[in-house]
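Novice: Please see the structure below; I have some questions.
The values are calculated or read from the model by the stated rules, or taken from the named source; none is laboratory data. As the structure is a computational prediction, the values presented were derived from the model and not from experiment. Neighbour counts run over all protein chains shown; Cβ positions are idealised from the backbone, glycine included. Note: accessible area is taken over every heavy atom of the protein model, side chains too, but ligands, DNA and RNA are not part of it. Shrake-Rupley method; radii C 1.70, N 1.55, O 1.52, S 1.80 Å.
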Amino acid sequence: MTDNNPYIEVAVTLPVFNTYTYAVPEALKEIIAPGKRVLVPFGKRKITGYVLGCAKNSDIKGIKKIIEVLDEIPLFPASMIPFFKWLSDYYIHPIGEVIKEALPGGINLNECISMHITQCGTQCLDQKKTAPLENEILCILSVDSCRQQDLSKKLNREVHNSLICKMEKNGLICRKREINKPVTQRKMQRYIACLPPAIQDKKLSAPKQKILDTAAEYGEISVSELKKIVPTAASHIRKLEQDRFISVFNKPVYRDPFGETVTPDLPPKLTLDQQHVVSSVVKNLGNGFETFLLAGVTGSGKTEVYMHIAAAAIKKELSVLVLVPEIALISEIERRFRARFGECVAVLHSGLSAGERFDQWIRISNRQCPIVIGARSAIFAPLTDIGLIIVDEEHDTSYKQESRFRYNARDMSVIRARLEGAIALLGSATPSIQSVYNVANKKFNELSLQNRVFSQAMPDIHVVDLRKHKDFRGTRRFITSDLQKAIKETLDRKEQVLLFLNRRGFASYPVCAACGEALKCRNCDITLTLHQKDNAYKCHLCGYSLPSVAACGNCGSTSIKRLGMGTEKIETTVKGLFPEARVARMDRDTVARKGTLVKLLKGLRNHEIDILIGTQMVAKGHDFPNITLVGIICADLSLSFPDFRAGELTFQVLAQVAGLAGRGTRPGRVILQTYSPDHFSVTAATDHDFMKFYNQEISFRKAFKYPPFSRMIQLKISGRDREKTRQQAINIGKICDALKKENSEYGRWVDILGPIEAPISRKANRFRWQLLIKSEGVDLLHRFVRTLIFGNRLHLSGNPVKVAIDVDPFFMM
């Protein structure tokens, strides 16, 4: 920051698209810097803002001054500011909220209004002169002040604003503006250290002398560690401090998210294919921006390639960012990177506690960790001198965030690499249509690994036509004789089996036997799913649940048919068919608790599990060398989605799951059960032929002008009132039609699909409509949407109807 310019540009943590100019008081000029948080006045409030740099000198009078600088060091480097501005512009999202989404949660200061009891209120409480509810409110406030919404929670009833206003008017309470404390802060521990020796005649007791000897040996030591050596240390520390033998101070400590240590490893010898890929990327490191698409068959050793290229980047003093699609994958890849690179690895993902995530962020900011591994939010890691950004399983839809700031971390990785002059390396066994199209258009460079590491053959896939089993009863409808026989043969050979079904729970369609009405969620327009272990019917969207003995909401009958299936039913069935086998299940229900996934994967590696049953979670980049049989229970579940990407999603998951078989020394086999054996997604996966699938899918996309031959922005309209939501959606549609008529360019090149009710028309008690805007030109599309939003003053977060902008949408439900 320059001394000549007294003004700074600040992005505030509010849903506003502009940045604001503030003046810097003389006393704060030396410590102000881009990337730091500041407390600023905004209207009548005080809120957190982020310093983006110097603002242009302004002649406007009355520019407000910042109140305080909140950070000792910047929370993000200045090099990230152009990245944040690009994201705000492309995703049409307020820049302050973009930065807030990027940073660890719970660190911002904001002003809130709290209620306090007055002296008059205290007297009335003592004399019991108030009404019962007023008396309850005064009792709570006599202990501590609180906000109105917290008051309602404590009373477990709604407290109307009219009552609060009345009590304030009568002088019983008052409202004050206060700065709330950040939830997440540095963790501090008490330490002791010896003071310089002085002449002491006093003879010390044995425990006190042991404390001094220990402190002298360690230099400084935490009180908690000292207690392990001297159990009675706590009772002696104060006296030793008073007698000036020791000093006691607080010191920030690091919350370690890794848990157990890992054994260091040595890089294995690469295959010729791997060597070619590594050399192709390494020669470009540090020489500017390039994007590579690495298409490698399952089991071809892509992770080892990543680590070799990362080692070359570290050798050139460049930092490395590694993105993986699921938190479930991070523990495995993090262990491999730590075994190779030691403690210079940091992790960032939502599975960390707020404190752990904050500590990891600070370590990265302090340049202690040149390698960062994480899920999609790790794209915001505050790295400097980035040389390499790796996106593993780049095709995975988990890289798209579906709430608040709707970004795609895969696409953002390419943008960040371009802004930082780094290499973006996207890897997958089943690349996305978009990425392969970018290779065809020379936007990306193509790399490939066509063979598995030890030259194992790809698994043989046997297709079972479920249409021939539709009249069977019981388990034979979904565990066919072919699959059952294959499982038995595999278990007899002491090998492992994976059964895949991308649906969790026990029964996905509970229906009343008396009236035929399905058991539906009270808040969403979907059926509940029975979870037998929890004895409950659950909604997978909002979490609403009913006990498993619940009666039909329509007729009251308790006779409920539990139709449909999920991984829990498969688990129960398999245990019945193979009672001697050790069976485990891997889905969101079984790995929700911290540490359970690592334990399950360890059991699989150690052959403590014979049959693993799982959802899509098992298909994402895991390596199970002892699995020789994969059974796909039903390959058609995603084909029926009302989404133009349904075929692509189906092919990808089938190819990924099938590729888990035979990665070790023994050949693999796949039993693929389907109602659509002739669908090109299924036949291409069966033949292990990506280009066969791509050529057919790309012609379909071109004919209907779907991405990658167009760009799309979806407006998601939702509200608690059905009619108001419908009317707002229709009004937006009319504005779109009017814009097309007014502008010939819009009329020719912009297509409007909708407005229409969403396939899931109600979710979490909000009625949902959607409108899809499509154009072949990205600039024209964004200009149209900006005119729609800002030119017509369309309220995005209005009450009672909200409008969310989803740029490059993935999920159409």
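Novice: As an exercise, identify the GluC sites (Glu not before Pro) in the range 291-359 lying in DSSP coil whose Cβ has no more than 16 other Cβ atoms within 10 Å.
Specialist: Listed in order of number, the matching sites are Glu317.
Novice: To the nearest 10 Å², what's Ile60's accessible area with a 1.4 Å probe?
Specialist: Accessible area, nearest 10 Å²: 120 Å².
Novice: Given Cβ point charges of +1 (Lys, Arg) and -1 (Asp, Glu) and nothing else, what value in debye, to the nearest 20, does the dipole of the range 329-437 about its Cα centre take?
Specialist: Value, rounded to 20: 160 debye.
Novice: Could you give me the radius of gyration and the Dmax of the range 403-523, taking only the C-alpha atoms into account and expressing both in angstrom?
Specialist: 23.1, 66
Novice: Over the Cα atoms of the chain, how large are the radius of gyration and the largest Cα-Cα distance (Dmax), in Å?
Specialist: 30.5, 97
Novice: Got a sec? What order do Thr787, Thr291 fall in by accessible area at 1.4 Å, biggest, i.e. largest, first?
Specialist: Thr787, Thr291
Novice: Rounded to the nearest Å, what's the spacing between the alpha carbon centres of the range 330-395 and the range 60-88? Just the number, please.
Specialist: Rounded to whole Å, the Cα centres lie 24 Å apart.
Novice: So with the 1.4 Å probe, I'd like the accessible area per residue for the chain, rounded to whole Å².
Specialist: Counting only protein heavy atoms, the per-residue value for the chain is 48 Å².
Novice: Need the list of lysines near Lys239 for cross-linking: C-alpha distance under 23 angstrom, and skip anything on the same chain fewer than eight residues off.
Specialist: Partners within reach: Lys202, Lys203, Lys208, Lys210, Lys227, Lys228, Lys251.
Novice: Ignoring everything except DSSP H segments at least 4 long, calculate the 222 nm mean residue ellipticity for the chain; use -39,500 (n - 2.57) per segment, divide by total residues, nearest 500.
Specialist: For the chain, the value works out to -9500 deg cm²/dmol.
Novice: For Lys302, list the lysines whose Cα falls under 28 Å from its own Cα; do not include residues on the same chain fewer than 8 positions away.
Specialist: Once the sequence-local lysines are set aside, what remains near Lys302 is Lys269, Lys283, Lys315, Lys316, Lys400, Lys442, Lys443, Lys594, Lys599, Lys602, Lys620, Lys692.
Novice: Going through the range 76-167, which trypsin sites (Lys or Arg not before Pro) have at most 15 other Cβ atoms within 10 Å and a DSSP loop state?
Specialist: Here the sparse-neighbourhood loop sites are Lys128, Lys129, Arg147, Arg157.
Novice: Determine, for the range 482-553, the count of lysine pairs separated by eight or more sequence positions (or lying on different chains) whose alpha-carbon distance falls under 27 Å.
Specialist: Close lysine pairs found across the range 482-553: 4.
Novice: So, one more: What lysines sit close enough to Lys705 to cross-link, taking a C-alpha to C-alpha distance under 18 Å and skipping anything fewer than 8 places away on the same chain?
Specialist: Excluding near neighbours in sequence, the set is Lys774.
Novice: Ignoring ligands, DNA and RNA, how do Tyr509, Tyr7 rank by accessible area with a 1.4 Å probe, largest first? Spell out each step's value before the answer.
Specialist: Details: Tyr509 100, Tyr7 40 Å².
Ranking Tyr509, Tyr7 by accessible area, largest first, yields Tyr509, Tyr7.
Novice: Then there is this: Can you pull the accessible area of Ser365 for me, 1.4 Å probe, Å² to the nearest 10?
Specialist: My reading of the accessible area for Ser365 is about 30 Å².
Novice: On the protein heavy atoms, probe 1.4 angstrom, tell me the percent of accessible surface of the range 492-600 carried by carbon and sulfur.
Specialist: Values: 2610 of 5560 Å².
Result for the range 492-600: 47 percent of the exposed heavy-atom area is carbon or sulfur.
Novice: If we sort 137-143, 407-413 on the protection proxy, mean other Cβ atoms within 10 Å, highest first, what's the order?
Specialist: Working: 137-143: 17.4, 407-413: 22.7.
The most tightly packed comes first, giving 407-413, 137-143.
Novice: Provide the percentage of antiparallel DSSP beta bridges, counting only those with both residues in the chain; round to the nearest 5. Don't jump to the answer; show the numbers that get you there.
Specialist: On the way: 75 of 128 bridges.
Given both bridge residues lie in the chain, the antiparallel proportion sits at roughly 60 percent.
Novice: Select from the range 738-813 those trypsin sites (Lys or Arg not before Pro) which occupy a DSSP coil region and have at most 11 other Cβ atoms within 10 Å, ordered by residue number.
Specialist: On the way: sites: Lys740, Lys741, Arg748, Arg762, Lys763, Arg766, Arg768, Lys774, Arg783, Arg786, Arg793, Lys802; in loops: Arg793.
When the trypsin sites (Lys or Arg not before Pro) of the range 738-813 are filtered for loop state and at most 11 Cβ neighbours within 10 Å, Arg793 remain.
Novice: Specify the inter-centroid distance of the range 437-464 and the range 580-619, based on alpha-carbon positions, in whole Å.
Specialist: 27 Å
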